[in-house]
Structure formats: C-alpha cells, structure tokens
Amino acid sequence: MNTAGEVIKCKAAVIWEPKKPFSIVEIEVAPPKAHEVRIKILASGICRSDDHVLSGEIKVTFPVILGHEAVGVVESVGEGVTRVKPGDKVIPLFIPQCEECRPCIHPRGNLCKFNGLGTFAGLMPDGTSRFSCKGELVHNFISTSTFTEYTVVHESSVAKIDAAAPPEKVCLIGCGFSTGYGAVINSAKVEPGSTCAIFGLGGVGLSAVMGCKAAGASRIIGVNRSKEKFPKAKELGATECVSPLDFEKPINEVLFDMTDGAGVDYSFEAIGHTDTMAAALASCNRNYGVSVMVGFAPALSEIAFSPALLFTGRTWKGSLFGGWKSKDAVPKLVSEFMQKKFTLDPLITHTMPFEKINEGFELLRAGKSIRSVLIF
Ligand code: COD
Ligand code: ZN
C-alpha cells in the first residue's frame, strides 16, 4: 500500500512524564516536509542515554518518543531529498551532518550545529513536530525517535546503508558500537603496541575494547566494578580485567603498579561518573598519556582536579559518537561489519518484540543486558 503523502497511524512507545514506563499507543505520523524523510523502523537498540531521560538526568520536553539506535527503510521522502529514496535501508543519525556548518567542514569536527543535544527541544528544524497523539503534540528525541513504527527525520540525520545488512545487528552502529570503537580509533588514534585502560565494560566500553584490539594495542586493561563482564571483555580482546572493589588503594595507583610506574598510554571512561573520569585521567602516563571521556555525566556536575595532572603533559579530551562525521562514517562502518572486520554479536544479549520495551529497560537497569534490540 502506498502511504506517501498520507498521515500514517501506527504504534509508538510514548513517555508522558519522567520516571514512568513506556505506554504503547497509537500515534499519527505526518508526511515528511521538504528535506525530510519518513522511515519505517525495523529494529532499535536500547541505549543507556534513553534511560537517562527516564531517570531525569537528561531533561527533555514531554510527551516524547525516545530511541536513537536503529535501522529502518525509507517509506517516503519530502521535496528536495536527493540522497535517499523509498525502499532504501537507512540508519537515523542522532548527530546530523549538514555538511555546511563549521564542525561539518572542519576535518576534525563532528558536532553539526543542527544537533539536538544541547537543547533537547524535540522538534524538527522548522520548529514543529511530525508526531501527535489524539491531537496532542508529541516531541522527538535527538533528531531520531526510533521507538515507533514510523518516524520522520531531516535528511541531514539519515545515512543509507548496505541493503543486505541485518537490521537487528547493525542498529548498534547508530550509537553504542560507534561511540566506543570510534573513541579509540578516531578520537584517541591508539597506535599498535599501546597500553590502554577502559573504565566501564558496558556496551560502549566493550566496543572500546574492540577498538583497542583492532588498533593493535598490546595491553588492554578492563576496569569494571562487577566482575560479570570480565569474560566477555576478555573474549573481545581485554588482556587483563580489574575491579576497583578488590583494592584498598585508588584504581589509578593500581594501574600505575600494573604498568611499572608508567601509567597507561590511553585511558577511556565509559561509565559517566565524575570520579571515574578523574581516575581515568590520573591513570594515564603523566607526560604523554591521553584520556578520553566517553561517558555523559549528570547535568550540572563538576570535577575538581589538580592542575598538575595536566601540567606535566597529559591530554584530556571528550568524544561524542566516537568523533565520527555521522553520515560519512555510518555506511562505511556497516560495510566493515559486512566484511567481518568486527563483530556485533557479543554485544547483543537480548532481542525482543517492540511491545516488550519495558522489559528491555528493566534488563538494562538490572545490569543483566549489554544491548537489547527491539524488533518491529
Ligand atoms: N567503577 C567501575 N565500573 C563501574 C563503576 C565504577 N565506579 N560504576 C559503574 N561501573 C560499570 C558498570 O558495572 C557497567 O558495567 C559499566 O560501568 C557501564 O555500563 P552501562 O551498560 O551502564 O553503560 P553503556 O556502556 O551502555 O554506556 C555508558 C555511557 C557512559 C557511555 C553512556 O551511558 C553515556 O553516558 N553515553 C553518553 C555519551 C554519548 O555519546 N551519548 C550520546 C547518545 S548515547
Ligand atoms: Zn545512545
């Protein structure tokens, strides 16, 4: 059935207020306007950042449709869209790439000025929404909104991918995998033979472990409070794993002991706590060490640290979506997956029908899943 130009009625998981479960309701999805793309979602991963909205750590306007790690098929396009056409398999991009703003033009930039991460306004670039429920406006989430059968995104927020790619796997390239893997390959540019420490062995940290292995690091030390994730980290390339709970001294001192007083060459923080961010910085070599902040700390949090930590030469930097320019990198990462340059299977612990979204979030909160993927 050709639905182009029509309002589509479909199911979506809507959050009406923080700290409440998702309710699956019927919504109306308006046709795409000029330079917009309407997508039928096939699979969507559950990411910790979605849960940060539910917990109130990320403040958005309600009601809202969350989800930002997905694969879908283009249903129809608005006027002027040239890069994708109906039937194309695509990944929505939570950081757009307009290709015209300063970060898009800068060779090292990836935070397109049209990103929705600062304001979380939840509206299309023209200030309106394509979602409504019983006449009430429903907001989108960081240019994507994928916990719905249909979504509408701006053409700068979508990348066409290989038609043969399995949606229930490559959806992770839309967020978690690319964030951790890119922090290593792109933001830190880890060299062969390096010693690396990864703080936090969730989906993002494990993807960083894979990045370290792909970069040829000779020591990859996983740091995680619970030991449950150690076997998986080792399967993916960690050479050693430590829990801060096993030591009386701070974990940065433990890492110095493990490296004969040198500290690691590179450290990555994939937890999102200010104390582990500071510990990751202090763990790397005091002269040439590089520490990359991948986790998102709660709004308004601050870190106090001794300037001496940086004065001696360390570099402290952040990495968002692995530093990738989204539209350019996502199709390439999907191709690399299809060429078996990396695997995503170990990160996907659960798949379930979209209707079981609340169970997927319970697994995440209980620490029982790495990634749950919802199938539509
Ligand atoms: N010391 C050691 N390990 C710890 C500690 C601690 N103090 N506290 C928690 N941990 C471990 C947990 O046991 C868990 O294994 C791991 O740290 C964290 O894993 P998850 O599964 O909670 O989280 P991930 O891997 O899905 O994501 C973590 C991020 C911090 C990267 C994520 O929450 C985040 O902040 N993302 C924002 C960054 C970003 O790019 N956002 C844009 C869209 S997502
Ligand atoms: Zn995410």
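Details
- Filter result (farther than 17 Å from Gly122 by Cβ, over 21 Å from the mean Cα position of the chain (by Cα), surrounded by fewer than 23 Cβ atoms within 10 Å (Cβ to Cβ) and aliphatic (A, V, I, L, M)) within segment 26-45: Ala34
- Count - residues of segment 70-95 that are of a type in the set (Val, Ile, Thr), away from ligand 2 (no atom under 16 Å from the Cβ) and surrounded by 15 or more Cβ atoms within 10 Å (Cβ to Cβ): 6
- Criterion violated by Pro21 - all others in (1) surrounded by fewer than 24 Cβ atoms within 10 Å (Cβ to Cβ); (2) at positive phi; (3) in contact with a Leu (Cβ under 9 Å, 6 or more places away or on another chain) satisfied: (2)
- Close Cβ contacts (under 8 Å, 6 or more residues apart or on different chains) running from residues in segment 28-44 that are on the phi > 0 side of the Ramachandran plot to residues that are assigned to a loop (DSSP other than H, G, I, E, B) and of a type in the set (Asp, Glu) comprise His35/Glu79.
- Cβ-Cβ under 6 Å pairs, at least 6 apart or on other chains, segment 268-279 side on the phi > 0 side of the Ramachandran plot, far side within 16 Å of ligand 2 (Cβ to nearest atom): Gly272/Gly295; Gly272/Phe296; Gly272/Ala297
- Residues satisfying the stated conditions in segment 235-266, i.e. in contact (Cβ under 8 Å) with a residue 12 or more places away in the chain, assigned to a helix (DSSP H, G or I) and more than 14 Å from ligand 1 (Cβ to nearest atom): Glu235, Phe256, Met258
- Filter result for the condition that a residue is out of contact with any Leu (no Cβ under 6 Å at 6 or more places or on another chain), over 19 Å from Cys175 (Cα atoms) and part of a loop (DSSP other than H, G, I, E, B), over Lys113, Lys59: Lys59
- Scanning segment 132-185 for residues that are aromatic (Phe, Trp, Tyr) and within 14 Å of ligand 2 (Cβ to nearest atom), we see that the one that is nearest to the chain's Cα centre (by Cα) is Phe177.
- Residue match in segment 284-293 (condition: over 20 Å from Cys196 (Cβ atoms), surrounded by 15 or more Cβ atoms within 10 Å (Cβ to Cβ) and modelled with pLDDT of 95 or more): no
- From Gly237, Gly216, residue being modelled with pLDDT of 95 or more, more than 16 Å from Ala270 (Cα to Cα) and out of contact with any strand residue (DSSP E or B) (no Cβ under 9 Å at 6 or more places or on another chain): Gly216
- Some residue of segment 46-69 being crowded, with 24+ Cβ neighbours inside 10 Å and within 20 Å of Met1 (Cα to Cα): no
- Ser226 closer than 24 Å to Cys171 by Cβ and within 11 Å of ligand 1 (Cβ to nearest atom): no
- Look at segment 136-149: where a residue is farther than 14 Å from Thr119 by Cα and a partner is surrounded by 24 or more Cβ atoms within 10 Å (Cβ to Cβ) and acidic (Asp, Glu), sitting 6+ places away or on another chain with Cβ atoms under 9 Å, you get Thr144/Glu69; Thr146/Glu69; Phe147/Asp50.
- Within segment 96-124, considering residues that are under 21 Å from Arg38 (Cα atoms) and among the small types (Gly, Ala, Ser), the one farthest from ligand 2 (Cβ to nearest atom): Ala121
- Residues in segment 13-30 include none that are among the β-branched types (Val, Ile, Thr), within 21 Å of Thr179 (Cβ to Cβ) and either assigned to a helix (DSSP H, G or I) or in contact with a strand residue (DSSP E or B) (Cβ under 9 Å, 6 or more places away or on another chain) (or both).
- Of all residues in segment 128-157, those satisfying the criterion of being buried (at least 24 other Cβ atoms within 10 Å of the Cβ) and in contact with a Gly (Cβ under 8 Å, 6 or more places away or on another chain) are Asn140, Phe141, Ile142, Ser143, Thr144, Ser145, Thr146, Phe147, Thr148, Thr151.
- Qualifying residue in segment 319-339 (condition: assigned to a loop (DSSP other than H, G, I, E, B), in contact with a Gly (Cβ under 7 Å, 6 or more places away or on another chain) and surrounded by fewer than 21 Cβ atoms within 10 Å (Cβ to Cβ)): no
- Which listed residue is within 25 Å of the chain's Cα centre (by Cα) and aliphatic (A, V, I, L, M), from Ala280, Ala308: Ala280
- From Ala217, Ala208, residue being within 16 Å of ligand 2 (Cβ to nearest atom) and not acidic (Asp, Glu): Ala208
- Taken over segment 37-56, the residue count meeting the criterion of being within 16 Å of ligand 2 (Cβ to nearest atom) and part of a loop (DSSP other than H, G, I, E, B) is 2.
The values are calculated or read from the model by the stated rules, or taken from the named source; none is laboratory data. Here the structure is a predicted model, which means the values were calculated and not measured. Every residue, glycine as well, gets a Cβ built from its backbone with ideal geometry; the counts of neighbours run over all protein chains shown.
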